Amino acid sequence: MPKTGLNLALFFVIMMMAWAWNSQPQPPSTNTTTQTTKEMKTSKEIIVDVRTPEEWQFDGHAECSVNYPLDQLQDKINELKAYDHVVLVCRSGGRAGSAKRMLEAAGIKNVENLGPWQNVSCTN
């Protein structure tokens, strides 16, 4: 193989490895801090993306979110009850709205539909 072809193949392999490394799921940030002028308040928050695993992996996602697809969310209700604030996102906000109604019907308070996943800010 010519040297240029070998360099191109090596570059391609390195790029694929970098993409695979960056696409690994990261644990969500469960403790967020909001500072006011009088006090510092800590709450346990989770950001849940209710899209399919394929959408979450290939269409992008907020690094601080977890992927609990809407059709599997019922199985995560007990886990989500441990959080003070549940933020829901999806592609446009429709599935997050359905998820919000489901969680509120299960007795979970302080559930927010943030709409599209791009609305999430992971900087805290």
query: Quick one: length gained pulling Ser121 to Lys109 fully straight, 0.36 nm per residue minus the C-alpha distance?
result: 2.2 nm
field: Integer Hz, Karplus 6.51/-1.76/1.60 couplings in order for the range 50-65, x for Gly and Pro
entry: 9, 6, 5, x, 5, 4, 4, 6, 9, 9, x, 6, 6, 4, 8, 9
message: Could you derive backbone 3J(HN,Hα) for the range 106-115 from the dihedral phi with the Karplus parameters 6.51, -1.76 and 1.60 (θ = phi - 60°), listing whole Hz in sequence and x where the residue is Gly or Pro?
response: 7, x, 7, 9, 6, 9, 10, 9, 8, x
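Throughout, read-outs are computed from the coordinates displayed, never taken from laboratory work. Note that the structure is predicted; figures quoted are calculated from it, not measured.
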